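Engineer: Before anything else, here's the structure in question.
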Amino acid sequence: MWGGRFAEGPSAIMREINASIPFDKALWRQDIAASEAHVAMLAAQGIVSAEDARAISDGLAAIAHEYERDGVPENWDLEDIHMTTEARLAELIGPAAGRLHTARSRNDQVATDFRLWVREALDEMDAGLAALQRALVTRAGEHAATIMPGFTHLQTAQPVTLGHHLMAYYEMFRRDRSRLADARDRLNECPLGSAALAGTGFPIDREITSEALGFDRPTANSLDAVSDRDFALDYLFTASACALHLSRLAEELVLWASQPFGFVRLPDSLSTGSSIMPQKKNPDAAELVRGHAGRVIGCATALMVTMKGLPLAYSKDMQDDKPPVFEAASLMALSIAAMTGMIGDATFATARMRQAAEMGYATATDLADWLVREAGIPFREAHHVTGAVVKFADARGLALNEVPLADLAAIDERIDERVFDALSVDASVAARASYGGTAPEQVRMQVDRARAALGMETLTGEAGE
């Protein structure tokens, strides 16, 4: 490949450090698709003959069939997927294969291939997250009125519904999908035709190749086009944010599946046992999802550090752009699929959740709110009175709704028997009927909105306003 420029071939060390075929062979479908679009444009512009273009196109189709059947061969002397394909094309059709590389460089070739691959990865992650959202809203609809403790600082705070809790993750993944859409929109410009860095003197039509490959437009600056990897970073940033959300949900499932919580039984198919303790059922899938988040974030960091000091235009450092993206994509696909399975097949211990919600004085805020509404006192004073009631109940091992009215009135004479209507966990969640609150009616409305957005049939027949 190096022609007459060098007196000697590369050393074994150079051959090994320079070769990217072990990983960039993953781009073979994108490479062939871009080459087919390129040669069709060259023929349309009269830059290559129709006869040569047909031979090249037929040869590329034959190579695609070989790769699909046998895999991509790894000849390190050919360095990468681009030269591997071009060399095989020359074996199949002869010297006409050399015309394929007219008006392009491996620089714009790999930038195009990689964008095509990342675009597909964005679409695949979006489809996976949509499936996860469907699992979440389905279970949220089932449990719109299932009471559980809500936590702050991992301490019992106020009663909420399980449906409300699950819908919180729906919202996180909704934002992740919006980031995927934004990243896809920015990515969808075609570098092909930028050549090495300065464009080309051949009369190419970049609109033809851009449209053929499904891009919105050609890139506007050839220097930027061959050296930009923002699209890969956008993918990794979005994957990292999504991995954080997956990890938070995984952490909760790990906690909930433990005996002290006992809120959930995870499916056997996504759990493992112990080699020594026969009673164990370990939430390994959830733990691995939690662990994968660190690796995905590491992939984003790796590419940022690679790119941070590169002058324009292309530098060989950028050959290392693909492994972190490929790794992150694989980890995200596994994590999303595992979480979808866990949510869909989990068995929630609703009685245990309710029992936990009734402990820890979760309705203390409801007592304070009652004092504000019914006694007309400032919230800070109501907060102080409620604190005294909690102290009294805690000293005697009583729930708030078990404290005798006489004792409540002794703490503050403005408390009367109506207070007991506000102190149950059912009354507490029902009272939180503000938009976005945990009241079952609000949860059902948000579930219907989500189902409509996901193309699912709504529970009530309408998405609500």
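Engineer: Modelling each spin label as a point 7 Å along the Cα-to-Cβ direction, I'd like the residue 355/residue 395 distance in nm, to one decimal.
Structural biologist: For the pair residue 355/residue 395, the computed spacing is 2.9 nm.
Engineer: Can you work out the FRET efficiency for the pair residue 407 and residue 384, with r the C-beta to C-beta distance and R0 = 25 Å, to the nearest 0.05?
Structural biologist: For R0 = 25 Å, the calculated efficiency reads 0.90.
Engineer: Working from the alpha-carbon coordinates of the chain, get Rg over Rh, Rh being the Kirkwood radius.
Structural biologist: Rounded to two decimals, Rg over Rh is 1.15.
Engineer: Find the Rg to Rh ratio for segment 376-465, where Rh is the Kirkwood radius over alpha-carbon pairs and Rg uses the same atoms.
Structural biologist: Here Rg/Rh amounts to 1.20.
Engineer: Compute the signed sum of charges (Lys and Arg +1, Asp and Glu -1) over the other residues within less than 10 Å, Cβ to Cβ, of residue 35.
Structural biologist: Here the charged neighbours net out to -3.
Engineer: Run the numbers for residue 308 and residue 69: contour at 0.36 nm per residue of separation, minus the present Cα-Cα distance, in nm.
Structural biologist: 82.1 nm is the gain from fully extending residue 308 to residue 69.
Engineer: What spacing in nm lies between the two simple spin-label points modelled at residue 18 and residue 217, each 7 Å away from Cα in the Cβ direction?
Structural biologist: Placing both labels 7 Å along Cα→Cβ, they lie 3.8 nm apart.
Engineer: If I model a spin label as a point 7 Å beyond the Cα along the Cα-Cβ vector, how far apart are those points for residue 288 and residue 45 in nm?
Structural biologist: 4.8
Engineer: Say a paramagnetic label sat at a point 7 Å from the Cα of residue 337, along Cα to Cβ; which residues of segment 248-275 have their backbone N under 20 Å from it?
Structural biologist: 250, 267-272
Engineer: Farthest toward the dipole's positive end in the chain, which of 336, 288, 63, given Cβ charges of +1 (Lys, Arg) and -1 (Asp, Glu) about the Cα centre?
Structural biologist: Final value for the positive-end residue is 288.
Engineer: Take segment 12-102, drop everything but the C-alpha atoms, weight them equally and run the Debye formula without solvent; then report log10 I(q)/I(0) at 0.11, 0.18, 0.24 Å⁻¹ to two decimals.
Structural biologist: Each listed q maps to, in turn, -0.31, -0.76, -1.17.
Engineer: To continue, here is another question. Determine the share of the chain's accessible area contributed by carbon and sulfur atoms, expressed in whole percent, with a 1.4 angstrom probe. Before the final figure, lay out the partial values.
Structural biologist: Working: 11460 of 21890 Å².
Ligands and nucleic acids excluded, carbon and sulfur reach 52 percent.
Engineer: Given R₀ = 25 Å, what would the calculated FRET efficiency be for residue 76 paired with residue 230, taking r from the Cβ atoms and rounding to 0.05?
Structural biologist: Rounded to the nearest 0.05, the efficiency is 0.25.
Engineer: Peptides 67-75, 153-161, 370-378: what's the order by average Cβ count within 10 Å, highest mean first?
Structural biologist: Put in order of decreasing packing, that is 153-161, 370-378, 67-75.
Engineer: Going Cα to Cα from residue 25, which lysines come in below 21 Å? Please leave out same-chain ones fewer than 8 positions away.
Structural biologist: 316, 322
Engineer: Then there is this: If you average the alpha carbon positions of segment 276-302 and of segment 78-135, how far apart do those two centres end up, in angstrom?
Structural biologist: Centre-to-centre (Cα) distance: 32 Å.
Engineer: Sort 392-399, 136-143, 297-304 for me by packing, meaning the mean count of neighbouring Cβ atoms within 10 Å per residue, highest on top. Can you show the working numbers first?
Structural biologist: Working: 392-399: 12.9, 136-143: 22.0, 297-304: 18.5.
Going from most to least packed, we get 136-143, 297-304, 392-399.
Engineer: Can you give the extra length, in nm with one decimal, that the chain gains between residue 87 and residue 152 once fully stretched, where that is 0.36 nm per residue apart less the Cα-Cα distance?
Structural biologist: Result for the pair: 17.2 nm of gain on full extension.
The values are calculated or read from the model by the stated rules, or taken from the named source; none is laboratory data. Just so you know, these numbers come straight off a predicted model, no measurement behind them. Don't worry about glycine lacking a Cβ; one is built from the backbone with ideal geometry, like all the others, and counts go over all protein chains shown. What goes into the accessible areas is simple: the full protein's heavy atoms, side chains included, and nothing from ligands, DNA or RNA. Shrake-Rupley method; radii C 1.70, N 1.55, O 1.52, S 1.80 Å.
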